[in-house]
1. Give, as ranges by residue number, the residues of the stretch 19-42 whose backbone N falls under 16 Å from the point 7 Å along Cα→Cβ of E218.
2. Indicate the gyration tensor shape class of the stretch 147-305 (rounded, prolate or oblate), computed on the Cα atoms with a ≥ b ≥ c the square roots of the eigenvalues: a/c under 1.5 is rounded; otherwise a/b larger than b/c is prolate and the rest oblate.
3. May I ask you to work out the translational diffusion coefficient for the stretch 259-390 at 37 °C, viscosity 0.692 mPa s, via Stokes-Einstein with Rh from the Kirkwood sum over Cα pairs, reported in whole µm²/s?
4. Of M29, A52, W2, which is farthest on the positive side of the dipole of the stretch 1-54, counting Cα position, with +1 on Lys and Arg Cβ, -1 on Asp and Glu Cβ, and the Cα centre as origin?
5. Mind checking the stretch 207-290 for trypsin sites (Lys or Arg not before Pro) that DSSP puts in a loop (not H, G, I, E or B) and that have at most 11 other Cβ atoms within 10 Å?
6. Just to confirm a number: summing +1 for Lys and Arg and -1 for Asp and Glu over residues other than D317 whose beta-carbon lies under 11 angstrom from that of D317, what do you get?
7. Given the Cα-Cα distance of R363 and N10 and 0.36 nm per residue of separation, how much length would full extension add, in nm?
8. Carbon and sulfur: what percent of the chain's accessible surface (1.4 Å probe)?
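The values are calculated or read from the model by the stated rules, or taken from the named source; none is laboratory data. None of these values were measured; they are calculated from a predicted model. Backbone-built Cβ (ideal geometry, glycine too); neighbour counts: all protein chains shown. Just so you know, the surface numbers come from the protein's heavy atoms only, side chains and all, with ligands and any DNA or RNA stripped out. Shrake-Rupley method; radii C 1.70, N 1.55, O 1.52, S 1.80 Å.
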Amino acid sequence: MWDQYRLTDNQLIDTADLLAVRVQEGLAMDGGEIRCLPAWLARPGVALSGDALALDAGGTNVRAARLRLAAGAVSFLSGPSEGALPTGREAPIDAAVFFDAQAARVREVSAGALPMGYCFSYPVAVGPDRDAVLLRWTKEVRVEGVVGQAVGALLGDALSRAGVPPQGVTVLNDTVASLMAGATLPEAADADGMIGLIVGTGTNMATFFGGDRLTKLEPGAWGAAPMAVNLESGNFTPTCLTETDHLLDAASENPGTQRVEKALSGVYLGKILAEEIPGLQGVAERGAAAVTALRDRPNAPPLVRALAAALLERSADLVAAGLAGVARLIVPSHGGTVLLQAEGGLFWGAPGYAERVNATLARLLGEGTRVTIRSRENANLIGAAVAALS
């Protein structure tokens, strides 16, 4: 039963191959299915050291901290200071309210002007100056006067009003922050390639590519050194989707986009299960938590348990296929080592999920390429600090 959700190795290999093609297209031109957005951040060395401020804004919360990096070791000198992020969901707010609330968190941890990393988890286009223009709001945020503006500059203005101007602001998203956090782990020194991965409410990957492979950039804009690239891989469309996947996509707020995210990420798994087996209370709203609970509940109907297990296994297998596609692009042709910095509630919160990803990935890559999976607590703040010091 539910064989349509059980993917063969041949399907997964085809998925990995197609994703690799889409990534290469994204490196060569704008507007592709996988956008490959330059983050304008070099791959840091594991010996990176210094003090920095870090700010993490996304969803409904904001966190700030002052950190010290010393050859891979990380210590929190102050914070994290946490607070609510005003979002304007009930009624629109202006930019000053939004950024002043974040500056207040920074003021609590600041001790003089320091470089700042700003993990800003909304769609932005990062420029060579490492500031980023907001493309659109998501997550029901309604803040006026920000779309089309440089968010790092707006934050800098708010910090000046708060009396704590930084030594520049580097903007990055959460997946790039995960990648940068992993880049200073001791294992990173010998890794041929690195991948940052988020699998939670949504999904995305980031990695480092040599500037010579980012052929869509103007000649001389970066050079040949590795640059962090935000793949925006959740928009990938695999060929192994089911009729239910297509129905849910057509009924979504953004039909035709984020197809692999809608098949594997936490917010959608419950919707798929509820569509296949109507009448299950709260499953669609509770997402991956409900699916995992049903899989692991001994007294749940066998049909429901089987579907829950199949959906979680397909999710993990699709993640592994995506990782395999990227790994083949960043390691030597004869094989190599990849450090995977993985974050997200589904990846680490669903029992057996990370292990399934690891086993499927090893099978798809075969002998010659070894992947080491790591996670870091406070990865967004650490990654932001690393970016500020890079």
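1. Within reach of a label on E218: 30, 38, 40.
2. Prolate, because a/c is 1.5 or more and a/b exceeds b/c.
3. 202
4. Most positive-ward Cα: A52.
5. When the trypsin sites (Lys or Arg not before Pro) of the stretch 207-290 are filtered for loop state and at most 11 Cβ neighbours within 10 Å, nothing remains.
6. Here the charged neighbours net out to +2.
7. Result for the pair: 125.9 nm of gain on full extension.
8. About 51 percent, which is the carbon plus sulfur part of the accessible surface.
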